[in-house]
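Written out below as structure tokens is the structure these notes cover.
The values are calculated or read from the model by the stated rules, or taken from the named source; none is laboratory data. Quick caveat, the model's predicted, so the values are computed rather than measured. Here the Cβ positions follow ideal geometry from the backbone for every residue, glycine too, while neighbour counts run over all protein chains shown.
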Amino acid sequence: MDDETRYTNSDVPFSRFHGILTPRERRVIFDCFRKYHHVIFETYEMLDSDDIALSLAGRLRTPVWKLKRKTEGFDFVFVDEAQLFNENERRLLPFLSKDVTRTFQSRCS
């Protein structure tokens, strides 16, 4: 987020979109991101969905949540328009359920 050089000059693409951009195009994208980030954090004092997803991911990967999810997790998680989720948001989905799929799969095997 704070390292423009790393974002613009990376040999390893951070995403498919990032991989097709030239360093000059990446600088434009990074500048837009920086302006967006300033408005969201400094002007409106809000978090964006990616920040929330990253914070939540840290909590959902803990042993405490692993124990709690058996009773507090959702039975089903239905997702509409999953293509609109970014990678960090998509990674949260498996942690929201009670994780009964393993039990179900083992019964079906």
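Tabulated values for the structure
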| read-out | value |
| --- | --- |
| Qualifying positions in the stretch 58-83 - part of a loop (DSSP other than H, G, I, E, B) and either touching a residue at least 12 places away in the same chain (Cβ under 8 Å) or not β-branched (Val, Ile, Thr) (or both) | 61, 73, 75, 76, 77, 78, 79, 80, 81 |
| Odd one out for residue 42 among (1) more than 19 Å from residue 87 (Cβ to Cβ); (2) modelled with pLDDT of 90 or more | (2) |
| Wholly within the stretch 1-48, helices (runs of 4 or more DSSP H) carrying at least 2 residues that are touching a His at 6+ places or on another chain (Cβ under 7 Å) and not acidic (Asp, Glu) | none |
| Flag for residue 6 being surrounded by fewer than 13 Cβ atoms within 10 Å (Cβ to Cβ) and not hydrophobic (A, V, I, L, M, F, W, C) | yes |
